[in-house]
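Here is the structure we will look at, set down as structure tokens.
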Amino acid sequence: MLITIFYIAIGIGFLIPALDAKRGLHQDHSMIFTMSFSMAWGLGFGSVTAFWFPAFFQGAHTGMYIGALVGLLAGLRQGIPQILNGILSGLMGGMMGAMLVYMVPPHLHLATVCWLSLFNGVVLLLLALAWRKPS
């Protein structure tokens, strides 16, 4: 539950500046930002769904749809290509997160999610540094 709250808090911190029209990334970097951000969110929620649902398909679909929603929101200001990029990246991240956790034995789920959270934390930190870096 705590990891889920962590993902929500970090994601909101990224979405607020991303939805600001006056502040934005250079056009070349916006595609990478949208893809990485939505994939990291999909991976995060796809991985924690092992604690919510007993069956793989429920967890995978939940992670995929949350990742797609975040990708849609991240690409909203950039136009249709970015929206599609965000949705597809979020779907892929959600499937990967669920697969990585559901493939290991149940007694290793917590350790796997902790390692994925560490990985996602590094990815989101790098995105934050890239976002705030002056051009």
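A count restricted to the range 95-126 and to residues that are buried (at least 18 other Cβ atoms within 10 Å of the Cβ) and farther than 15 Å from PHE51 by Cβ stands at 4.
Look at the range 101-120: where a residue is touching a residue at least 12 places away in the same chain (Cβ under 8 Å) and a partner is surrounded by 13 or more Cβ atoms within 10 Å (Cβ to Cβ) and among the polar types (S, T, N, Q), sitting 6+ places away or on another chain with Cβ atoms under 7 Å, you get VAL101/SER47; VAL101/THR112; VAL113/SER47; LEU116/SER47. Scan the range 5-58 for residues that are buried (at least 22 other Cβ atoms within 10 Å of the Cβ), modelled with pLDDT of 80 or more and over 11 Å from the mean Cα position of the chain (by Cα) and the total you get is 2. Kindly establish whether LEU126 is among the aliphatic types (A, V, I, L, M), closer than 17 Å to SER30 by Cα and assigned to a helix (DSSP H, G or I). It is true that LEU126 is among the aliphatic types (A, V, I, L, M), closer than 17 Å to SER30 by Cα and assigned to a helix (DSSP H, G or I).
The values are calculated or read from the model by the stated rules, or taken from the named source; none is laboratory data. Not measured: the values here are computed from a predicted model. Note: ideal-geometry Cβ built from the backbone for every residue, glycine included; neighbour counts use all protein chains shown.
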